[in-house]
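Scroll down for the structure; my scribbles are underneath it.
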Amino acid sequence: MVRNVAPGAKSYESDGKIIFSNGGRYIIVTDAAGGYCRIQDLYSKSRNPYVTLDYKPFDSLPKKDAQRLTHFRIMKREEM
């Protein structure tokens, strides 16, 4: 995912999350303890700046689908 969304990204830790950023519009916010990651649109003026894999904003999604479509499960090595 990082290669597609933020090619060449560097990682750093912030508030217990691992952030991948290449200085562009999107960053990937990873919650290793929770087992998921999300794509954040840094240019979003929305209250919830997360997007789907095809970059649709969270606010444009049906409420019942929004979290499912913006939280991506992190696979364990043995699942790969």
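The values are calculated or read from the model by the stated rules, or taken from the named source; none is laboratory data. Source: prediction; values computed, not measured. Using ideal geometry, Cβ is built from the backbone for each residue, glycine included, and neighbour counts are taken over all protein chains shown. These accessible areas exclude ligands, DNA and RNA; they are computed on the full protein's heavy atoms, side chains included. Shrake-Rupley method; radii C 1.70, N 1.55, O 1.52, S 1.80 Å.
Counting only residues that are of a type in the set (Ser, Thr, Tyr), give me the strands (runs of 3 or more DSSP E) lying completely in the chain with at least 2 of them.
Because the criterion is at least 2 residues that are of a type in the set (Ser, Thr, Tyr), the strands (runs of 3 or more DSSP E) in the chain that meet it are 10-14, 26-31.
Selection within the stretch 2-47: residues that are surrounded by 14 or more Cβ atoms within 10 Å (Cβ to Cβ) and touching a helix residue (DSSP H, G or I) at 6+ places or on another chain (Cβ under 7 Å). The member of this set that is nearest to His71 (Cα to Cα) is Arg38.
When you check Pro57 against the structure, is it in contact with a Ser or Thr (Cβ under 7 Å, 6 or more places away or on another chain) and open to solvent by 60 Å² or more (accessible area, probe 1.4 Å), yes or no? Yes, satisfied. Applying the criterion of being basic (Lys, Arg) and more than 23 Å from Arg77 (Cβ to Cβ) to the residues of the stretch 2-51, the residue that is modelled with the highest pLDDT is Arg25.
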